[in-house]
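Structure, as structure tokens:
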Amino acid sequence: MSAPRLFRAVIMGAPGSGKGTVSSRIVKTLNMEHISSGDLLRANIEQRTELGVIADKFIREGKLLPDVYITKCILGELQKLKGRSWLLDGFPRTLEQAGDLWREEKIDAVINLDVPFEVIIDRLRSRWVHLPSGRVYNIGFNDPKVPGKDDETGEALSQRPDDNPVAVRKRLEIYDACTRPLNEYFKQKGVLATFSGRTTDEIWPSVKQYLEEKIK
């Protein structure tokens, strides 16, 4: 299945909700471009671009990058994709960002993944990450081909210190507080679709069916 017309979507989900896996299935199924704000920032930091230098400074100081910088970066990237379908991941994260995005681009759907906190906490206990790329694996859920090694580079995987249950719950509570206004904003715009479940395989068929109906 491929999108017969332009289709522009945003995907939202808490850390550990399976957002990366669902995103990869969406872009593969619909032949869409995947724009990840995290990947864009990492690339800019590695390349030492003007944005990268600014972002690196804020991150090292433990601060959030101001809206103006990340919004300019994302909107600039979307301008390059005029005439193509895309899925935006990791943006917007504030109401100001959402407003800027809505004014500049036509959003056809906002896909919101709703996974119980207890499931995510249990899942992240077994999460391993390839830090240079951000690729994520979960033992017993999304295992690497070779235990402890990244599928693409063969480099060692590691666990994040903040993936312990107490830290994860705090992150989830912060995420919930920050995204509740965004959900309400997109709900009022008539584009929010929430999909609930405990696993990606449980959620994906509903997401796929929704998208198939949406792009007819």
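The values are calculated or read from the model by the stated rules, or taken from the named source; none is laboratory data. Treat the numbers as computed from the prediction; the structure is a model and nothing was measured. Every residue, glycine as well, gets a Cβ built from its backbone with ideal geometry; the counts of neighbours run over all protein chains shown. Side chains included, ligands, DNA and RNA excluded: accessible areas come from the protein's heavy atoms. Shrake-Rupley method; radii C 1.70, N 1.55, O 1.52, S 1.80 Å.
Collect residues whose amide H, placed 1.01 Å from N in the peptide plane, falls under 5 Å from the amide H of Lys149; neighbours closer than 5 in sequence don't count.
Leu157
Please compute the per residue accessible area over the chain with all protein chains in place, 1.4 Å probe, rounded to a whole number of Å².
On the way: 11790 Å² over 216 residues.
Result: 55 Å² of accessible area for each residue.
By the scheme Lys and Arg +1, Asp and Glu -1, what is the net charge of all other residues having a beta-carbon under 12 Å from that of Val146?
Summing Lys/Arg as +1 and Asp/Glu as -1 gives -3.
Which percent, to the nearest 5, of DSSP beta bridges fully inside the chain are antiparallel?
30
Per the 1.4 Å probe, what fraction of the accessible area of segment 8-215, in percent, lies on carbon and sulfur atoms?
About 52 percent, which is the carbon plus sulfur part of the accessible surface.
Fully extended, how many nm does the chain gain between Lys57 and Ile174 (0.36 nm per residue separation, minus their Cα-Cα distance)? Present the calculation step by step, with values, prior to reporting the outcome.
On the way: separation 117, 0.36 × 117 = 42.12 nm, distance 2.27 nm.
Full extension of this stretch gives 39.8 nm more.
Between the alpha-carbon centers of segment 108-138 and segment 5-72, tell me the distance in whole angstrom.
So the two Cα centres are separated by 15 Å.
Find which of Ala98, Leu64, Thr199 sits farthest along the positive direction of the dipole of the chain, computed with +1 on the beta-carbon of Lys and Arg, -1 on that of Asp and Glu, about the Cα centre.
Ala98
Return the long-range amide H neighbours of Leu192 (sequence gap of 5 or more, or a different chain), with a cut-off of under 5 Å between placed amide H atoms.
Under 5 Å from the amide H of Leu192: Val110, Lys187.
Tell me the net charge near Glu46. Cut-off is 12 Å between Cβ atoms, Glu46 excluded, with +1 for each Lys or Arg and -1 for each Asp or Glu.
Working: positive: Arg42, Arg48; negative: Asp39, Asp56.
Counting the neighbours of Glu46, the net charge comes to 0.
Output needed: percent of Cα pairs per 10 Å distance bin for segment 58-216, bins running from 0 to the one holding the longest distance.
With 10 Å bins starting at 0, P(r) equals 8, 28, 37, 24, 2.
Estimate the FRET efficiency between Arg160 and Ala193 by the formula 1/(1 + (r/R0)^6), using the beta-carbon distance for r and 35 Å for R0, to the nearest 0.05.
Once rounded, the FRET efficiency stands at 0.70.
Going highest first, how would you order 181-188, 17-24 by mean Cβ packing within 10 Å?
With the highest mean Cβ count within 10 Å placed first, the list reads 17-24, 181-188.
Does segment 1-94 classify as rounded, prolate or oblate by the C-alpha gyration tensor (a ≥ b ≥ c root eigenvalues; a/c under 1.5 gives rounded; else a/b over b/c gives prolate, otherwise oblate)?
Because a/c hits 1.5 or more and a/b exceeds b/c, segment 1-94 counts as prolate.
Could you list which residues have their amide H under 5 Å from that of Phe7, counting only those 5 or more apart in sequence or on another chain, with H placed in the peptide plane?
Residues meeting the amide H criterion: Ser85, Trp86.
What are the ³J(HN,Hα) couplings of segment 130-139, residue after residue, when phi is run through the Karplus curve with 6.51, -1.76, 1.60 and θ = phi - 60°? Round to Hz, x for glycine and proline.
Per residue, the Karplus-derived 3J(HN,Hα) values read 8, 4, x, 9, x, 5, 10, 10, 10, 5 Hz.
At a threshold of 8 angstrom on Cα-Cα distance, excluding pairs fewer than six apart, so keeping six or more, what relative contact order does the chain reach in percent? Mind dumping the intermediate values first?
Numbers: 274 pairs, mean separation 59.0, N = 216.
Over the chain, the number comes to 27 percent.
Using +1 on the beta carbon of Lys and Arg, -1 on that of Asp and Glu, and nothing else charged, what's the dipole of segment 8-215 about the Cα centre, debye to 20? Intermediate results must be reported in sequence, preceding the final value.
Values: 32 positive and 31 negative charges, 23 e Å.
Once rounded to the nearest 20, the dipole reads 120 debye.
Classify segment 127-189: rounded, prolate or oblate, from the alpha-carbon gyration tensor (a ≥ b ≥ c, eigenvalue square roots; a/c under 1.5 rounded; otherwise prolate if a/b is larger than b/c)? Let's see the in-between values first.
On the way: a/c = 3.13, a/b = 2.06, b/c = 1.52.
Prolate.
Show that you can apply the helix-only estimate: for the chain, add -39,500 (n - 2.57) for every DSSP H stretch of four or more residues, divide by all residues, and state [θ] at 222 nm to the nearest 500.
Taken over the chain, the calculation gives -15500 deg cm²/dmol.
Classify segment 42-81 as rounded, prolate or oblate, taking a ≥ b ≥ c as the square roots of the eigenvalues of its Cα gyration tensor: rounded when a/c is under 1.5, otherwise prolate if a/b is larger than b/c and oblate if not.
It comes out oblate by the Cα gyration axes.
Could you order Arg42, Arg123, Arg93, Arg135 by accessible surface area, starting with the largest, using a probe radius of 1.4 Å?
Values: Arg42 90, Arg123 25, Arg93 155, Arg135 65 Å².
Output order, biggest surface exposure first: Arg93, Arg42, Arg135, Arg123.
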